[in-house]
Amino acid sequence: MPNFREIVTKAVIGKGKKTFSSSYEATVENVPTTILGCWVINHNFNGVRSGDSITINGSYDVNIWYAYDNDTKTDVYKGVNQYQEVVNVRRREDADSGNEEIIVRSLKQPSCTKIEIENSKIKYNIDKELGIELVGDTKVKIAIDENEDPWDEIEEQVKDEDISNIDNEVNEEYINTEDTIN
C-alpha cells in the first residue's frame with residue numbers, strides 16, 4: 001500500500017484570456033481625404049493585483065498614414081494610446097493566494113480593425129487579446145512506493161573477436177626466468 005507525500009511547488013493557479021476593443025479619435029493638422037494605412041507598434045504592458053482583480057496597464061504607438069489636399073499630399077499621424085484594463089481571473093480553489101506572480105501575455109497584438117474619416121477627424125478601433133496567468137504556491141500529492149526496485153546486473157559486452165585478438169597478442173614468454181632477481 002503506497003504512502004502519500006505532499007509537495008509544495010509553484011504552478012499556474014489561474015488562467016484566462018480576453019479580447020479588448022477600444023475606439024479612438026485623432027485630430028490631424030490637415031483635413032484628411034483618404035486613409036492609406038495604420039500601424040500599431042511598441043506594445044508594452046504589465047499586470048498588478050488590485051483587490052480581487054488584475055489591472056493591466058499598457059500602451060502602444062499608432063501611426064496613421066493619410067492623404068490630404070485632394071489626395072495630392074500625404075502625412076503621418078503619430079500618437080501614443082495608453083490603456084488600463086481590469087479583469088477577473090478565476091483561481092483554483094486549492095491554491096494559496098498569499099504570494100502570486102502575475103504573467104500577462106499578448107495573444108493577439110493590437111491591430112487596427114476599423115478606420116474612417118468623420119468630420120475632419122480620424123476615428124479608429126484597436127483590438128487586442130491578452131492572456132493572464134497567476135502563478136502561486138500549490139500542493140501536489142504523490143504516491144510513494146517504499147519498496148526499492150532491484151538493481152540490474154551490468155554485464156560486460158565483449159565480442160568473440162575481441163577475445164580472440166587479446167589471446168593472439170598475449171606473449172606467454174613475457175616473464176623470462178633469467179630476468180628474475182634473486
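The set of residues in segment 46-89 being free of Cβ contacts under 8 Å to residues at least 24 places away in the same chain and either touching a Lys or Arg at 6+ places or on another chain (Cβ under 6 Å) or small (Gly, Ala, Ser) (or both) consists of 51 alone.
With respect to the conditions (1) modelled with pLDDT of 80 or more; (2) among the small types (Gly, Ala, Ser); (3) surrounded by 10 or more Cβ atoms within 10 Å (Cβ to Cβ), residue 143 falls short on a single one, namely (3). Of all residues being of a type in the set (Ser, Thr, Tyr) and out of contact with any His (no Cβ under 7 Å at 6 or more places or on another chain) in segment 77-115, which is modelled with the lowest pLDDT? Just the residue, please. Once the filter is applied, the top-ranked residue is 97. Each residue in segment 112-162 was checked for being within 30 Å of residue 34 (Cα to Cα), of a type outside the set (Gly, Ala, Ser) and in contact (Cβ under 8 Å) with a residue 12 or more places away in the chain, and 14 pass. In the condition set (1) touching an Asp or Glu at 6+ places or on another chain (Cβ under 6 Å); (2) at pLDDT 95 or above; (3) not hydroxyl-bearing (Ser, Thr, Tyr), residue 12 is compliant with all but (2). Taken together, 40, 31 contain a single residue that is among the β-branched types (Val, Ile, Thr) and under 28 Å from residue 84 (Cα atoms), which is 40.
The values are calculated or read from the model by the stated rules, or taken from the named source; none is laboratory data. From a predicted model like this one, the values you see are computed outputs, not experimental measurements. Here Cβ is always computed from backbone atoms with ideal geometry, including for glycine, and neighbour counts include all displayed protein chains.
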